[in-house]
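The values are calculated or read from the model by the stated rules, or taken from the named source; none is laboratory data. Remember, it's a predicted structure, so these values are computed and weren't measured experimentally. FYI the Cβ positions are ideal-geometry reconstructions off the backbone, even for glycines, and counts take in every protein chain you see. In case anyone asks, the SASA skips ligands and DNA or RNA and just uses the protein heavy atoms, side chains included. Shrake-Rupley method; radii C 1.70, N 1.55, O 1.52, S 1.80 Å.
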Amino acid sequence: MERLQKVIARAGIASRRKAEEMILQGRVKVNGRVVTELGVKVGPGDDVEVDGIPVEREEPAYYLLYKPRGVISSVKDEKGRKVVTDFFKDLHQRIYPVGRLDYDTSGLLLLTNDGDFAHLLMHPRYEIEKVYVAKVKGIPTREQLKQLEKGVLLEDGMTAPAKVKLLSADRKKQTAIVEIRIHEGRNRQVRRMFEAIGCEVLKLKRERYAFLDLKGLRPGEYRELSPHEVKLLRAIAQSGGKK
């Protein structure tokens with residue numbers, strides 16, 4: 001038996017908190033009867049509906065994808081461009097990305113059908129570290145790198161402190177490779193941070209997400225997360241990214 005809100009979240013309909021709101025609003029039925037209490041538990045034989053639509057219960061699925069450049073972090077695209085779920089043709093579960101990577105950004109992306117898990121990882125308060133490697137136009141000075149470390153002012157506010165390392169510099173081509181570690185997840189954040197110090201990002205790749213990396217994968221390939229990895233990600237998020 002599981003709590004009703006957890007079943008709704010695991011089906012990918014909403015986060016657990018949103019599912020609780022749906023229950024309180026009288027939008028959920030169990031075996032044909034409206035439920036408005038949060039303590040209700042349901043089993044495999046119970047029929048659950050949200051807004052009159054049956055909840056299809058699936059086994060929870062957790063995947064790590066090496067997203068290539070030129071792919072949309074979505075389950076569909078109005079312009080007909082390739083989306084991340086196109087790489088999971090043989091998968092029966094309905095999965096979706098946890099957060100997003102820009103169209104022109106490659107690297108590590110998680111996908112799941114567990115709404116509660118996705119909400120936990122994406123919530124800004126949980127501060128999960130992401131490591132990016134950027135190829136930038138121009139060679140940033142030590143002072144510019146310190147600006148990134150302290151935080152830069154973007155149109156949506158000041159960024160949190162970051163960890164930054166200059167990996168290499170090509171003085172002939174006037175380009176540099178820079179590693180940056182952040183725990184926020186704003187739209188196009190890394191690109192905008194470099195733009196704020198006067199360096200255009202030519203290439204960007206997310207290499208790590210918490211303890212996860214892309215080892216053994218090529219662009220477009222994916223693997224399933226182990227139960228231990230899922231459990232550890234939850235623990236890291238709930239501890240504020242400090243494990």
* **Percent of alpha-carbon pairs separated by more than 22 Å within the stretch 1-78** => 32
* Asked: Quick one: length gained pulling residue 123 to residue 75 fully straight, 0.36 nm per residue minus the C-alpha distance?
  -> 15.2 nm
* To do: Take every Cα-Cα pair in the chain and report what % of them are more than 22 Å apart.
  => 59
* Structure fact -> Placing one equal point scatterer on each C-alpha of the stretch 131-243 and summing with Debye, one gets log10 I(q)/I(0) at q = 0.12, 0.16, 0.20, 0.21 Å⁻¹ equal to -0.50, -0.82, -1.10, -1.16
* Determine the per residue accessible area of the chain with all protein chains present and a 1.4 angstrom probe, expressed in square angstrom. => 55
* Taking a probe of 1.4 angstrom, what is the accessible area of residue 206 in Å², to the nearest 10? -> 10
* In the chain, carbon and sulfur make up what percent of the accessible area (probe 1.4 Å)? -> 47
* Structure fact -> Taking only C-alpha positions in the stretch 52-134, Rg and Dmax in angstrom work out to 13.7, 47
* **Within the chain, longest stretch free of exposed GluC sites (Glu not before Pro) [DSSP loop, at most 10 other beta carbons within 10 Å]** => 156-243
